[in-house]
Amino acid sequence: MVKVIRVHELGGPEVLKWEDVEIGDPKDGEIRVRNKAIGINFIDIYYRKGVYKAPAVPFTPGMEAVGVVTAVGPGVTEQRVGDVVAYAGNPMGAYAEEQILPADKVVPVPSSVDPVIAASVMLKGMTAQFLLRRCFKVESGHTILVHAAAGGVGSLLCQWANALGAIVIGTVSTAEKAAQAKEDGCHHVIVTKHENFVERVADITSGQGVEVVYDSVGKDTFEGSLACLKTRGQLVSFGQSSGTPEPVPLSALAAKSLCLTRPSLMHYTAKRDELLDTASEVFANIATGVLRVRVNHKYPLSQAAQAHLDLENRKTTGSIVLIPDGVN
């Protein structure tokens, strides 16, 4: 038996229950992993609330973790017992002391990268990679807008885009988060409690707008994000922390020949080589200092509900991890 967090009904943080389950042995193509650190992401909240539908109820949330391989199933040749591996995305179920994973969904963690750092950056880092390098290819001289610039993904987007030579505009909710966004490479920071971001972007760009907006906020920013784009600009809507945006008529895009995409990391890492290449680039950028990962908050795995509550109430910055009991 191992301890896990399980959700039996959709709702607030209080539905996250601390329970014992039996996970069994790995089958063909599977490995068993004892988790050392587990990342928390807004997508976990979406599943807990029912914004995204889990495959079944009850379910164990969590989309990324780093751990040590404790057993390998038949046919597994790429991993061995004792290897440190990471995964991000499907299958859901990372909020657990141990879990069974498909061997082809994990990647090796370099010894130079601390497991806590790796767990905090896998999903966010690979998201930043495909958003910046493939979904819209940011290049030197581009001007971009990043919402929630002090958040887990936002922080990495700002650092990486700055390193690519882009002019980075970020939105944040507080002065404290504005200071962090500046450290992370934002050339211009907009505190949305005090400023209208559409007007400020127009001022900053002399009315030209930006090539791309990375919007993880959703309902509260969606229309404004479209307004911030220059002709032939692209809105990358990859989250909805404030709720689902209203449907957008095609005429809203036609006015400036805009592009709109709602991408998913899973579709950009579906192939094994894509997954390995994406993770490798993230780890390489950590090693070279392009990405500085802030793990500002650690919670015991059993206190996942408190971690969700703090994240939803915007009491956190940077990355959040859960640590199973007994892990140093």
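Other residues within the sphere of radius under 13 Å centred on the Cβ of GLU30, judged by their own Cβ, net out at -2 (K and R +1, D and E -1).
Aspartates and glutamates near LYS298 by alpha-carbon distance under 17 Å, same-chain residues fewer than 8 away left out - which ones? Those aspartates and glutamates meeting the cut-off are ASP44, GLU64, GLU97, ASP114, ASP310, GLU312, ASP325.
Of ILE167, ALA307, SER237, which is farthest along the charge dipole of the chain in the positive direction, counting Lys and Arg as +1 and Asp and Glu as -1 at C-beta? Working it through, the farthest residue towards the positive pole turns out to be ILE167. Count Lys and Arg as plus one, Asp and Glu as minus one, and take only other residues whose Cβ is under 13 Å from that of PRO115; the net charge is then 0. Cross-link check: pairs LYS53/LYS219; LYS17/LYS271; LYS3/LYS219; LYS49/LYS124; LYS124/LYS219 evaluated at a Cα-Cα cut-off of 30 Å; pairs beyond the cut-off: LYS17/LYS271; LYS3/LYS219. Where (i) 66, 45, 36; (ii) 49, 46, 37; (iii) 60, 38, 37 are the candidate values, the label of the one calculated here for Cα extents along the principal axes in Å is (iii). Distance from the alpha carbon centroid of region 268-325 to that of region 83-158 works out to 7 angstrom.
Under 16 Å of direct C-alpha separation, and excluding same-chain neighbours fewer than eight residues apart, LYS315 reaches these aspartates and glutamates: GLU176. Across the protein chains, with a 1.4 Å probe defining accessible surface, the residues ARG48, ARG134, ARG272 rank ARG134, ARG272, ARG48 from largest area downward. Computed over neighbours whose Cβ is under 14 Å from that of LYS193, the net charge equals 0, Lys and Arg +1, Asp and Glu -1. Note on LYS230: lysines with a C-alpha under 17 Å away, same-chain residues under 8 apart excluded, are LYS137, LYS256.
The values are calculated or read from the model by the stated rules, or taken from the named source; none is laboratory data. Owing to the predicted nature of the structure, the values given are computational and were not obtained by experimental measurement. All Cβ positions, even for glycine, are placed from backbone atoms using ideal geometry, and neighbour counts span all protein chains on display. Ligands, DNA and RNA are excluded from the accessible area calculation, which covers all protein heavy atoms including side chains. Shrake-Rupley method; radii C 1.70, N 1.55, O 1.52, S 1.80 Å.
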